[in-house]
Amino acid sequence: MCGIVGCAGPEPVLPILLEGLTRLEYRGYDSAGIALQTGSAVWRRRRPGKLAELVAVVDDAPEATTGIGHTRWATHGGPSESNAHPHTDCTGRVAVVHNGIIENYLALAAGLGPSHERTSQTDTEVLAHLVEDELAGGSSLADAVRACLARVEGSFAIAAVNAGEPGLIVAARRGSPLIAGRTETSGLVASDIPAILGQTREVYVLDDDQVVEVRPGSLRVTTLAGEEVTPVRRRVDWDLEAAEKGGYEDFMLKEIHEQPQAVAETLRERLLPDGRLHLDATTLTEDQLRAVDKVFVVGCGTSYHAGLVAKYAIEHFARLPVEIDVASEFRYRDPVLDPNTLVVGVSQSGESLDTMEACRFAKSPTNKARLLVICNVVDSSMAREADAVLYTRAGPEVCVASTKTHLAQIAGLELLALYLAQLRGTLYPLEIHALVDTLRGLPTVIERALAHEDEYMEAGRRFVDVRDFFFLGRGVGFPVALEGALKLKEISYARAEAYPGGEMKHGPIALIEPGTVVVAVATRGRLHSKMLSNIQEMRARGATIVAVANEGDDETAAQADVVLPVPATHELFSPAVDVVALQLFAYAIAKARGCDVDQPRNLAKTVTVE
Ligand code: G6P
């Protein structure tokens, strides 16, 4: 997803921008560019492809202390130099970078006078021309940006410079993430914290429809109407080291190994002695939660799979009906919501636009549902929208494909299920204590799974050349199968379909032929024997079986060609253990295929377009 960085200060800005763009790489991008303010003009350079392509062509950059940079993930217009940001106006004196989508850009472009010449297919460029018109009418850059954004529909984070106003960056947001930062001598703006962490720890979170004027050593925030606002200041206490690879070959491997800690941190001091769940922020009363008669969980990608696990846990422990929705579908299907509905938004970033809009829809005056958000980024847009927040304390996740935040989400959702059970009296306190103890032991069980790393990797390497995989699971093993298939697709580009084991016979079994690889999640649980029957059905048609099975389960091992052993835990907590085997299985295949596991093609870490 597009990333923005900008800096106005006393020092040469080019290295600061390039470092910031490097820190934004994990969001996924297909071109990059920078614009430097040089007194009377704006110097711009853009390149499709990786950041190295841009770095190779900035040797002749002029000395400048103010500039903006961008990594672009194509939406309107392919990944070419002319579509890369920054975009300039006709005079070349205004440069704009943008993340998001300007939905009415065609109407805005049609309203531009005939003198304007557009040079890209992007929705963004129209902004530069609108600003140009405002400046021509005598406005300052800040006034021009405020006036233009009042006419824009859609979601955006933008930053702009004007050659005529040295030492100034004007930035704003609606729906897409943007933060500002400050030191004694410089002002900064970026899509997220790592991009400016090398410069400052003093960060300001901006709200929708706020405009920030960034100058050396100062920030001024206003509304679109120009009213002054005092932004919320936050000191960042994690450092850049935490976002580095820490000795591992890639972020993905590092983050897989951080999973026990991510789960332990998420569970730490969560349950108060009286049994209440400690949420990071809440305006919900216990009575309101007790009155909840239905739960919806919404999320995208890996977060959606964590939501599926929650359905099993909440329905079983708290005896509440739970519906799970892919966030992008939720608000378009007329779900029945009211103040007794709890909507749980699950998101690593807290910024995915689909989930964000699903959350907003749930809370809208028409629906009035209660909103609880589980996310990993403090003060994210979703966290600020929510009635209650439970942060997964997994630390920054850099690899585009989620791993440690997924396990932390499962831990958080299991806690929520137990808390709802306690409120509703569906379990005896002793039962809850026993379950909480088991949950607390989960990090150790995950460690034990990680001890099998070599076996998982070796198994993966056996299937490097396989094109099609089937992943099967039953009960709570089905979300594990879905997540295992998604990981494999994301990072190795193999085709992988996931099905509930019992569903294969209703159609997909037609695709099974000798040599088809079937990965079966077959750990012990209520449906274990049924899963074994499903494995038999696949074997009978010549499939090669890779089974995720409990350590020492010889009965299951006897049905499989390859075993991925995992330690046992409570069935409803087992997804947090079993998925580890599939993450490393996928990792090994992707690495053996020479894929860039941290930044897979076409993917973005945080998708802030619909
Ligand atoms: C993108 C990423 C996925 C991620 C999904 C949801 O599509 O590529 O890895 O699972 O967004 O992100 P979120 O931040 O909302 O969990």
Mean Cβ neighbour count within 10 Å, used as a protection proxy, ranking 440-449, 248-257, 124-133 highest first
124-133, 248-257, 440-449
Net charge dipole size for the range 16-165 [Lys, Arg +1 and Asp, Glu -1 on Cβ; Debye, nearest 20]
260
So how long is each side of the chain along the principal axes, counting just the alpha-carbon atoms, biggest first, in Å?
78, 56, 43
Tell me which of Cys90, Leu372, Pro166 sits at the most positive position along the dipole axis of the chain, charges placed on C-beta atoms (Lys, Arg +1; Asp, Glu -1).
Leu372
So Thr444 and Arg424, fully extended at 0.36 nm per residue minus their Cα-Cα distance, gain in nm 4.2 nm
Charge dipole (debye, nearest 20) of the range 546-610; +1 at Cβ of Lys and Arg, -1 at Cβ of Asp and Glu:
500
Among Pro216, Leu127, Pro565, flag the residue with its Cα farthest along the positive direction of the charge dipole of the chain, charges on Cβ as +1 for Lys/Arg and -1 for Asp/Glu.
Pro565
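Distance check, please: which entries in Lys311/Lys368; Lys254/Lys505; Lys50/Lys404; Lys311/Lys489; Lys50/Lys254 exceed 32 angstrom between their Cα atoms?
On the way: Lys311/Lys368 22 Å; Lys254/Lys505 39 Å; Lys50/Lys404 26 Å; Lys311/Lys489 24 Å; Lys50/Lys254 23 Å.
As for pairs spanning more than 32 Å Cα to Cα, those are Lys254/Lys505.
Can you tell me what share of the DSSP beta bridges in the chain is antiparallel? A percent to the nearest 5 is fine. Before the final figure, lay out the partial values.
Details: 67 of 108 bridges.
Antiparallel bridges: around 60 percent, rounded to the nearest 5.
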Place the peptides 286-295, 511-520 in order of packing, highest mean first, counting for every residue the other Cβ atoms within 10 Å and averaging per peptide.
511-520, 286-295
Would you work out which of Pro177, Ala434, Gly111 lies farthest towards the positive end of the dipole of the chain? Charges go on Cβ: Lys and Arg +1, Asp and Glu -1.
Ala434
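What does the helix-only formula give at 222 nm for the chain: each DSSP H stretch with n ≥ 4 adding -39500 (n - 2.57), the total divided by the residues, and the result rounded to the nearest 500 deg cm²/dmol?
Numbers: 20 runs with 198 residues, N = 610.
Computed mean residue ellipticity for the chain: -9500 deg cm²/dmol.
What is the extension gain from Asp207 to Leu511, computed as 0.36 nm multiplied by their sequence separation minus the C-alpha to C-alpha distance, in nm to one decimal? Write down the numbers at each step before the final one.
On the way: separation 304, 0.36 × 304 = 109.44 nm, distance 5.03 nm.
Full-extension gain reported as 104.4 nm.
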For Val336 and Asp561, calculate 0.36 nm times their separation in residues minus their Cα-Cα distance, and state this gained length in nm to one decimal.
76.3 nm
Rounded Å value of the spacing that divides the Cα centres of the range 424-459 and the range 1-57:
44
May I ask for the angle, rounded to the nearest 10°, between helix 125-136 and the longest principal axis of the chain, with both axes built from Cα atoms and the value confined to 0 to 90°?
30
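Quick one: order Arg526, Arg276, Arg370 by neighbouring beta-carbon count within 10 Å, fewest to most. Show your work: numbers first, answer last.
Details: Arg526 10, Arg276 13, Arg370 24.
With the sparsest Cβ surroundings first, the list reads Arg526, Arg276, Arg370.
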If every alpha-carbon in the range 3-244 counts as one equal scatterer, what log10 I(q)/I(0) does Debye give at q = 0.18 1/Å?
-1.44
Tilt relative to the chain, helix 301-313 - C-alpha long axis, 0 to 90 degrees, to 10:
40
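Nearest 5 is fine: what % of DSSP beta bridges in the range 254-440 come out antiparallel, could you say? Each step should come with its number before you reach the end.
On the way: 3 of 23 bridges.
Rounded to the nearest five, the antiparallel share is 15 percent.
Write out the GluC sites (Glu not before Pro) in the range 520-597 meeting two conditions: DSSP loop, and at most 15 other Cβ atoms within 10 Å of their Cβ. Intermediate values should be presented prior to the final figure.
Working: sites: Glu537, Glu551, Glu555, Glu571; in loops: Glu551.
Listed in order of number, the matching sites are Glu551.
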If you fit an axis through the alpha-carbon atoms of helix 14-24 and take the longest principal axis of the Cα set of the chain, what angle between them do you get, 0 to 90°, nearest 10?
30
Over all distinct alpha-carbon pairs, what is the Kirkwood Rh of the range 254-440 in angstrom?
16.1
Would you list, by chain and number, the aspartates and glutamates whose Cα falls below 16 Å from the Cα of Lys530, excluding same-chain residues fewer than 8 positions away?
Glu503, Asp553, Glu555, Glu571
Most exposed to least, judged by fewest other Cβ atoms within 10 Å, Lys605, Lys404 sort to Lys605, Lys404
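The numbers here are math on the coordinates, done by the rules we state, and not lab data. Nothing here was measured: the structure is a model prediction, and the numbers come from that model. Positions of Cβ are backbone-derived with ideal geometry, glycine not excepted, and every protein chain shown enters the neighbour counts.
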